[in-house]
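Structure first, commentary second.
The values are calculated or read from the model by the stated rules, or taken from the named source; none is laboratory data. These figures come from a predicted structure and were not determined experimentally. Every residue, glycine as well, gets a Cβ built from its backbone with ideal geometry; the counts of neighbours run over all protein chains shown. Side chains are part of the model used for accessible areas, which takes the heavy atoms of the whole protein and leaves out ligands, DNA and RNA. Shrake-Rupley method; radii C 1.70, N 1.55, O 1.52, S 1.80 Å.
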Amino acid sequence: MKPPPFDYRDPTTVDDVLSLLAEHTDDATLLAGGQSLMPLLNMRLARPEVLIDLNRVAGLDRITITDDAVTLGATVRLATVEHDTGIAGAMPVLAEAASRVAHPQIRVRSTLGGTLCHADPAAEMPTVAVALGARIHLRSRGAARVVPAADFFETVFTTAKQPDELLVAVEFPRRPGMTVFYDEISRRHGDFPFAGLCLGVRTEAGVVAEVIAAAAGVADRPVRLVGLEAAVLGRPLAEAVEDAAAAASAEIDPPADHHGTVAFRRGLLRTLVRRLAARFEETR
Ligand SMILES: Cc1cc2nc3c(=O)[nH]c(=O)nc-3n(C[C@H](O)[C@H](O)[C@H](O)COP(=O)(O)OP(=O)(O)OC[C@H]3O[C@@H](n4cnc5c(N)ncnc54)[C@H](O)[C@@H]3O)c2cc1C
């Protein structure tokens with residue numbers, strides 16, 4: 001099928017995007033990588049009157065790496081997140097998670113802002129954003145605000161972003177001394193995962209001094225696993241693994257669908273906790 005007719009705009013500045021959004025708030029849609037939006041347009045599930053293309057907007061693909069944070073512009077491609085040596089050096093888990101999104105051809109087009117705004121509950125990058133405590137920078141004409149990732153994802157395909165707002169950048173705070181991994185289980189390589197886990201640990205004198213954890217595919221949005229975090233804090237990780245796996249599988253509210261039962265997804269998360277804990281042990 002072909003998309004319904006729309007008025008195509010391709011602004012070159014953020015201010016022009018914000019003006020267009022203010023003017024056409026209720027009938028405009030932003031186009032980034034198009035990997036989620038184009039199928040929706042072609043199937044006529046989305047029928048915007050105005051399509052605002054972000055691909056020529058100057059500065060939205062900026063990468064800024066400081067001692068405090070890695071800040072990625074909205075149109076940074078997932079292939080760039082995967083391969084940029086600066087990003088991989090400063091925050092390897094971003095590259096690791098990006099490499100698990102779909103296939104290379106899709107990652108060349110998909111953008112960080114697009115995957116966050118699309119808000120699929122099984123998506124990799126939103127889960128890593130929640131785990132790392134990322135800050136989502138939003139702008140509308142005459143206003144700007146920063147939303148913590150944990151508050152940004154509201155439910156399936158729904159975020160706290162308002163229709164006149166543009167996601168301009170995502171700021172991932174750096175966590176000195178912490179090792180962060182991402183892993184997932186899917187039916188085939190490149191598929192959305194049944195379950196994914198981002199886990200970060202900093203140890204001091206053999207015990208976990210700081211921990212962050214969030215899961216994909218086990219609720220209506222990426223969720224922080226506070227039960228898992230509490231189960232390992234102050235203990236040697238190897239000793240706390242089974243308690244952490246039990247806490248994680250108990251605190252989630254996974255969907256039952258044609259892919260599997262609730263018990264199946266709880267079991268997958270337990271497996272992921274054990275897998276990542278083993279990786280931490282290997283890298284000690
Ligand atoms: C075969 C296939 C497999 C896939 N597998 C996976 C997978 O395993 N994991 C995964 O996470 N994703 C997967 N995807 C989805 C893919 O990563 C999408 O590209 C991504 O979800 C959306 O990014 P995009 O840049 O293409 O956004 P688009 O499709 O252009 O836009 C998506 C939505 O976000 C809005 N939007 C985009 N940018 C902004 C912005 N800066 N500010 C405000 N709103 C914005 C758009 O208006 C639209 O509503 C897959 C896609 C395909 C086709």
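Gaussian network model of the chain, Cα springs within a sub-10 Å range: biggest mean-square fluctuation belongs to which of G196, G89, G227?
G89
Please list the non-local residues whose amide H lies under 5 Å from the amide H of R174, H modeled 1.01 Å from N, same-chain partners needing a gap of 5 or more.
A69, V70
Please label the shape of region 179-283 as rounded, prolate or oblate, based on the square roots a ≥ b ≥ c of the eigenvalues of the alpha-carbon gyration tensor (a/c under 1.5 means rounded; beyond that, a/b larger than b/c means prolate, else oblate).
prolate
Taking a label point 7 Å from the Cα of A238 along the Cα→Cβ vector, which residues of region 174-212 have an amide N closer than 19 Å to it?
179, 201-210
Of P39, P121, P148, which is the most mobile in a GNM of the chain whose springs link Cα atoms less than 10 angstrom apart?
P39
Going by alpha carbons, how many degrees (0 to 90, nearest 10) lie between the helix axis of 262-283 and the longest principal axis of the chain?
70 degrees
If amide hydrogens are placed 1.01 Å from N in the peptide plane, which non-local residues have theirs closer than 5 Å to the one on A169?
Answer set, sorted by chain and number: A74, H137.
Quick one: order Y182, Y8 from most to least accessible surface, probe 1.4 Å.
From most exposed to least exposed: Y8, Y182.
Could you give the nm distance between label points at E23 and H83, where each point is 7 Å from its Cα heading toward the beta carbon?
In this crude spin-label approximation the distance works out to 3.7 nm.
What number results when the radius of gyration of region 23-70, computed over Cα atoms, is divided by 2.2 N^0.38 Å?
Compactness ratio reported: 1.54.
Rank these residues by their accessible area, most exposed first, probe 1.4 Å: S110, S36.
S36, S110
Name the residues whose placed amide hydrogens come within less than 5 Å of the amide hydrogen of A195, ignoring near sequence neighbours (fewer than 5 apart) on the same chain.
I185
Could you give the size of the charge dipole of the chain about its Cα centre, using +1 on the Cβ of each K and R and -1 on the Cβ of each D and E, expressed in debye and rounded to the nearest 20?
Value, rounded to 20: 520 debye.
Give the Rg/Rh ratio for region 124-240, taking Rg as the radius of gyration of the Cα atoms and Rh as the Kirkwood radius, to two decimals.
1.03
Averaged per residue, what accessible surface does region 134-257 expose to a 1.4 Å probe, in Å²?
43 Å²
Using Cα atoms only, what is the angle between the long axis of helix 237-251 and the major principal axis of the chain, expressed in degrees (0 to 90) to the nearest 10?
Roughly 50 degrees between the two axes.
How many percent of the accessible area of the chain is carbon or sulfur, using a 1.4 Å probe?
The C+S portion of the solvent-accessible surface of the chain is 51 percent.
Let me know the whole percent of all Cα-Cα pairs from the chain that are separated by more than 27 Å.
Considering the chain, 40 percent of its Cα-Cα pairs are separated by more than 27 Å.
Using a Gaussian network for the chain with springs between C-alpha atoms less than 10 Å apart, which of these wobbles most: H258, H103, H118?
Between H258, H103, H118, it is H258 that shows the largest mean-square fluctuation.
Taking all protein chains together and a probe of 1.4 Å, list F280, F157, F264 from the most accessible to the least accessible.
These residues rank, largest area first, as F157, F264, F280.
With n ≥ 4 as the cut-off for DSSP H runs, can you work out [θ] at 222 nm for the chain, using -39500 (n - 2.57) per run divided by the number of residues, rounded to the nearest 500?
One gets -10000 deg cm²/dmol as the mean residue ellipticity at 222 nm.
Taking θ as phi - 60°, what are the ³J(HN,Hα) couplings along region 213-222 by the Karplus curve (6.51, -1.76, 1.60), each to the nearest whole Hz, with x for Gly and Pro?
So the Karplus estimates, Gly and Pro as x, are 8, 8, 10, 10, x, 10, 6, 7, 6, x Hz.
Could you work out the percent of alpha carbon pairs in region 1-144 separated by over 17 Å, rounded to a whole number?
62 percent
How compact is region 63-173 by the rule of thumb for globular proteins, expressed as Cα Rg over 2.2 N^0.38 Å?
0.99
To the nearest 0.05, what FRET efficiency results for A144 and D16 with a Förster distance of 22 Å applied to their C-beta separation?
0.85
Once the whole set of protein chains is in place, how much accessible area is left on R266, using a 1.4 Å probe, in Å² to the nearest 10?
70 Å²
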